[in-house]
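Single-structure report; data block below.
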């Protein structure tokens with residue numbers, strides 16, 4: 001009997017060792033699987049309904065006859081030893097708060113009271129998070145990127161708070177060309193330059209536990225979000241409004257430069273850098289419309305054959321007029337003396353300007369020269385209507401030099417007369433007069449120029 | 001007389017010392033992970049934002065676990081039912097799982113489900129105990 005017993009014992013022992021236990025779990029704890037027909041897999045969802053957890057199991061083979069099959073979990077439970085699953089459309093679920101979340105549990109498939117197959121599982125190692133939701137994409141023009149945000153219910157949970165999210169996006173026309181990015185936060189920035197311009201994109205996200213203790217599987221994908229990228233994708237492209245402004249500014253500057261070049265000599269330069277008047281030219285301008293056969297010259301020798309009346313000091317206009325009208329007005333000497341003694345200024349005399357008074361002269365000019373020679377001609381403002389005729393002047397009477405009005409700074413004593421005026425008819429001896437003229441002209445040439453320039457300014 | 005009395009007390013203390021688990025042979029990292037992801041949220045739910053300043057400290061890691069076990073499972077005057085709370089059961093399971101040779105505290109898990117649940121009364125003493133536990137666990141998490 002003893003050897004027989006030993007033999008039977010060994011047989012039973014070998015049978016038990018060979019048979020082993022069934023089991024394949026999704027977390028890969030077991031390599032062998034007994035009763036492959038009833039192999040199943042489970043996943044847990046913590047705090048899916050308030051503080052209640054959900055455990056879902058299903059047969060790997062959907063065609064298995066699950067009639068009268070039940071699932072049961074034992075161990076790692078609060079307050080109870082075992083709990084039974086509820087069957088719903090081919091899946092077995094249990095919703096409870098009584099998961100201890102520490103240690104392994106045993107899940108068995110039962111047919112009646114008989115356990116067909118069992119698996120040892122740890123609830124915290126088969127966690128499947130809930131799918132993210134509310135995914136949004138906002139284009140930020142200033143930053144040239146897209147801000148992707150989404151929400152997850154695990155942010156408000158007590159246990160599985162830390163998740164790893166996977167964002168997948170693709171261009172809609174490229175069906176299987178998905179781009180993937182992992183992140184731990186719920187916000188992501190997609191650079192515009194990495195996307196095609198003016199294209200439709202699809203984006204979605206899913207999650208997986210990312211803690212030291214809880215492990216599990218990827219959640220379901222979130223609902224997809226579709227967005228279109230803007231047309232222009234060139235960072236160097238300018239704003240059209242800015243471009244127009246730049247072009248207009250360029251053309252305005254170019255136009256101003258052209259105008260400046262064109263008007264430089266005539267308009268701009270005289271204002272910026274006025275030129276000193278050239279006295280000869282000034283006088284020539286005064287005689288802009290010379291009559292025919294008139295030669296303007298300041299050469300004293302040109303006046304040698306002219307009767308020139310020397311003007312002594314400043315003469316008033318009235319005296320000049322009177323002198324023109326009357327050959328030798330007797331009161332002229334008195335008025336002249338009074339004037340010379342009393343000063344130069346009269347009521348009609350401009351105090352600030354130096355120039356020739358056009359009203360001083362009437363009628364014909366008393367300054368007559370030989371035909372073709374004239375010193376003061378038809379200048380604008382001057383009373384000379386025609387060129388003087390020296391020959392006529394010599395016959396009709398004394399000639400009158402133009403009246404020169406001096407400025408307020410000059411006095412009769414300081415200013416040597418250009419042509420010293422002598423009362424009475426003056427008949428010039430051409431030779432003597434010419435010499436004296438030359439002398440006086442030579443000494444007072446500077447004063448003449450100064451005076452003439454002043455006259456020009458007055459004009 | 002007195003010498004005999006003191007001798008008995010001394011012997012009892014020796015026995016207690018021998019029988020008390022020293023928590024030196026434990027997987028401290030595993031215990032720390034369970035505390036951070038499971039026990040800590042439960043403690044916060046229990047204390048519900050009430051924080052009390054404590055001066056309870058532990059120097060060494062085993063010392064922390066000894067004191068955690070003491071304040072979790074040892075009933076005291078004014079707080080006798082702390083051992084039946086969820087975090088206490090999780091602590092018991094954690095220490096049993098992470099420390100070889102630790103048998104744990106025998107807590108009666110099977111209870112008759114009543115139609116009307118008798119709500120546990122959170123006494124001030126119990127809140128004080130939980131504050132101690134939070135500080136001890138925090139200290140343990142830092143030094144482990």
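Read the figures in this text as sums done on the coordinates, not as results from a lab. Just so you know, these numbers come straight off a predicted model, no measurement behind them. All Cβ positions, even for glycine, are placed from backbone atoms using ideal geometry, and neighbour counts span all protein chains on display.
Numerical summary
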| quantity | calculated |
| --- | --- |
| Region B:32-97: relative contact order in percent, alpha carbon pairs under 8 Å with at least 6 residues between | 34 percent |
| Rounded FRET efficiency, nearest 0.05, which uses the C-beta distance separating residue A:239 from residue A:285 and R0 of 51 Å | 0.35 |
| Global geometry of region B:21-143, whether rounded, prolate or oblate, following the gyration tensor of its Cα atoms and the 1.5 cut on a/c | oblate |
| Shape of region A:40-122, Cα gyration tensor, a/c cut at 1.5 | prolate |
| Peptide A:206-213, shielding by other chains (average Cβ, 10 Å cutoff) | 2 |
| Burial ranking of peptide ranges B:82-95, A:196-209 (average Cβ count within 10 Å, highest at the top) | B:82-95, A:196-209 |
| Average other protein chain Cβ within 10 Å of Cβ, residues A:98-105 | 5 |
| Square roots of five times the Cα gyration tensor eigenvalues for region A:133-229, Å | 26, 14, 11 |
| Packing-based order for B:56-62, A:38-44, A:270-276, using average beta carbon neighbours within 10 Å, highest first | A:38-44, B:56-62, A:270-276 |
